[in-house]
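Take a look at the structure set out below.
The values are calculated or read from the model by the stated rules, or taken from the named source; none is laboratory data. What you are looking at is a predicted structure, and each value in this text was computed from that prediction instead of being measured. Neighbour counts run over all protein chains shown; Cβ positions are idealised from the backbone, glycine included. Just so you know, the surface numbers come from the protein's heavy atoms only, side chains and all, with ligands and any DNA or RNA stripped out. Shrake-Rupley method; radii C 1.70, N 1.55, O 1.52, S 1.80 Å.
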Amino acid sequence: MLPLSLLKTAQSHPMLVELKNGETYNGHLVSCDSWMNINLRDVICTSKDGDRFWRMPECYIRGSTIKYLRIPDEVIDMVKEDAQAKSRNRTELNKNRVANSAQNQRSARNCNRNNFGNRSGQLCGGSGNSTLRVGVAGQGNRLLAQSNKNRK
């Protein structure tokens, strides 16, 4: 799980941010960017020694000053579920690609056979190697157009 995907999922959820200087910020995440700069709203800031508190409507924290983030477990579970769903979708997509590839190969084999008696143009193809074959009864098949790769 990548930190930025975790932060993007945590938007509008509460979080605690501790800075390298010891201050802590509790608030709801509004946004984040690729440098982990974050915007919080409804923020309570606590001093390093813990004896002073500030309430702010919003604040901006530079990503390079962050020591660690504490995010609710529900957000982490949401990210894990999303990752599992994406993994399932990828495997299904790969299965479909393999099945389609095998079907295209069978189609190309069938298309390469002679079609005597076929007077209309027939577009044969698979995997970008489309050829147009026209059959005329008694004359065999004549190749009229080459694959798209050979055209200029």
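Modelled spin labels at L19 and R55, positioned 7 Å past Cα toward Cβ, are 2.1 nm from each other. Note on K67: accessible area approximately 130 square angstrom, rounded to 10, probe 1.4 Å, nucleic acids and ligands left out. For N96, neighbours were defined as the other residues whose beta-carbon sits under 14 Å from its Cβ, and their charges (Lys and Arg +1, Asp and Glu -1) total +3.
Across the protein chains, with a 1.4 Å probe defining accessible surface, the residues D33, D51 rank D51, D33 from largest area downward. Placing R0 at 30 angstrom, the Cβ-Cβ distance between R90 and S34 gives a FRET efficiency of 0.80 after rounding to 0.05.
Accessible surface ranking for L93, L40, L6, 1.4 angstrom probe, highest first: L93, L6, L40. All other residues whose Cβ lies under 15 angstrom from that of Y25 are scored, Lys and Arg at +1 and Asp and Glu at -1, for a net of +4.
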